[in-house]
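Right, one structure below, let's go through it.
FYI, it's all coordinate maths here, none of it is from the lab. Keep in mind the model is a prediction, meaning the values are calculated, not measured. Cβ: placed from backbone, ideal geometry, glycine included. Neighbour counts: every protein chain shown.
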Amino acid sequence: MDVESPGAPMREPSTSGVGPAIRIAAAGERQAAERTERETVIELQDLSCYYGSFRAVRNVSLQIKKQQITALIGPSGCGKSTLIRTVNRMNDLVPGYHTEGRLLLDGQDLYGKDVDPVAVRRRVGMVFQKPNPFPKTVWENVAFGAKINGYKGDMDELVERSLRRAALWDDVKDKLKQSGMALSGGQQQRLCIARTIAVEPEVILMDEPCSALDPRSTLQIEELMAELKREYTIVIVTHNMQQAARASDTTVFMTMGDDRAGYVVEQAPTVEIFTNPRNQLTEDYVSGRFG
Ligand code: ADP
């Protein structure tokens, strides 16, 4: 996919607010996809997340389906990042952080006693809010994880393939020896995506991946996500409701209770969440009445 090509159709992603202009692209296609029963890749069973004694997320039960884009939306502080970081055990490093309940990847409990968090992160990659390339060349950024994992194949080929999949190859094929930090913000984020897919994860988590990007780069990332879901399962946290509406197949709406613990209000096909939500809290949120 050449998202940079001048002839590529452009939509203008808006970055704030919500209103009747919300575009739900290819809604029919999504509904058709929903009718096809998809395999569950990640399952949260009554999962609660704690920072010390503070319960940040309570009793979440969810199924994340294969080769779909699932968006987590909800007001700031309702635990979206906490939940997504829990899925690849990123919060293990936070002192006092612990979970209750179960988190299954392909049926295996990721918080089981014998599970190595590093192995989990290999299977569940993560792209962060702010592009964070290593202070290394473009080539080394992409090869880094594969080298650590002892990749035995042709590294140049892997780097090229990953950069092509991340729709970045044409931009950087003559800059492989330059620093990844010298790229534009949008290119850096695609470099981070290339780095993530180079280790062939099953799932890609994205925590507000476009919040530091301009509208054009945002659109490129959304188009890239649509390509990547052919091979990967994607979970994205976004504060941008238009983005969730445009880019995801399934939306999970979270909010928080009086105890400040976040919880899931409803999970449904994106088109339903934005046009016909079951819960009044969801309706109020997606129509901009609160949050
Ligand atoms: P969101 O992504 O929806 O904005 P977060 O997951 O960042 O929400 O935060 C959920 C709650 O957990 C908030 O009350 C926040 O203050 C708290 N929290 C987040 N990270 C930490 C941390 N490292 N230590 C203690 N509390 C945290």
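Please compute the contact order of the chain in relative form: average sequence separation of alpha-carbon pairs under 8 Å and at least six residues apart, divided by the residue count, as a percent.
29 percent
Modelled label-to-label distance, Thr40 and Asp109, 7 Å Cα→beta-carbon offset: nm?
So the label points at Thr40 and Asp109 sit 1.5 nm apart.
Of the listed pairs Lys152/Lys175; Lys80/Lys173; Lys113/Lys177; Lys147/Lys175; Lys65/Lys177; Lys80/Lys175, which have alpha-carbon separations greater than 30 Å here?
Listed pairs above 30 Å: Lys80/Lys173; Lys113/Lys177; Lys65/Lys177; Lys80/Lys175.
In percent, how large is the relative contact order of segment 186-291, given Cα pairs closer than 8 Å and 6 or more residues apart?
19 percent
Using only C-alpha positions, report the orientation-averaged shadow area of the convex hull of segment 135-195, nm², one decimal.
3.6 nm²
What number, rounded to the nearest 500 deg cm²/dmol, is the helix-based mean residue ellipticity at 222 nm of the chain, given -39500 (n - 2.57) per DSSP H run of at least four residues and division by all its residues?
-9500 deg cm²/dmol
Evaluate the relative contact order of segment 195-239 (contact order divided by residue number), counting alpha-carbon pairs under 8 angstrom at least 6 apart; express in whole percent.
59 percent
Using all alpha carbons of the chain, what is the percent of pairwise distances in each 10 Å bin, ordered from the shortest bin to the longest?
With 10 Å bins starting at 0, P(r) equals 6, 28, 35, 23, 7, 0.
Could you estimate the translational diffusion coefficient of segment 52-147 from the Stokes-Einstein equation, with Rh from the Kirkwood formula over C-alpha pairs, at 4 °C and 1.567 mPa s, in whole µm²/s?
Answer, rounded: 83 µm²/s.
How about Lys229: which aspartates and glutamates have a C-alpha closer than 12 Å to its C-alpha, ignoring those fewer than 8 places off in the same chain?
Correct list for Lys229: Glu202, Asp249.
Considering amide H positions built from the backbone, and no H for Pro or chain starts, which residues 5 or more places from Val237, or on another chain, come under 5 Å of its amide H?
Amide H to amide H, under 5 Å and 5 or more residues apart or across chains, Val237 pairs with Leu72, Met206, Asp207, Glu208.
Based on alpha-carbon centroids, what's the gap between segment 224-291 and segment 68-83 in Å, whole number please?
Spelled out, the Cα-based centre of one part sits 8 Å from the other.
Determine the shape class of segment 250-291: with a ≥ b ≥ c the square roots of the Cα gyration tensor eigenvalues, call it rounded for a/c under 1.5, and otherwise prolate if a/b is greater than b/c, oblate otherwise.
Oblate, since a/c reaches 1.5 and b/c is not below a/b.
Would you mind putting 173-186, 119-132 in packing order, based on average other-beta-carbon counts within 10 Å, highest first?
Going by the mean number of other Cβ atoms within 10 Å, highest first, we get 119-132, 173-186.
Once phi is turned into ³J(HN,Hα) by the Karplus curve 6.51 cos²θ - 1.76 cosθ + 1.60 with θ = phi - 60°, what whole-Hz value does each residue of segment 205-216 show in order, with x for glycine and proline?
9, 10, 9, 6, x, 10, 5, 9, 10, 7, x, 5
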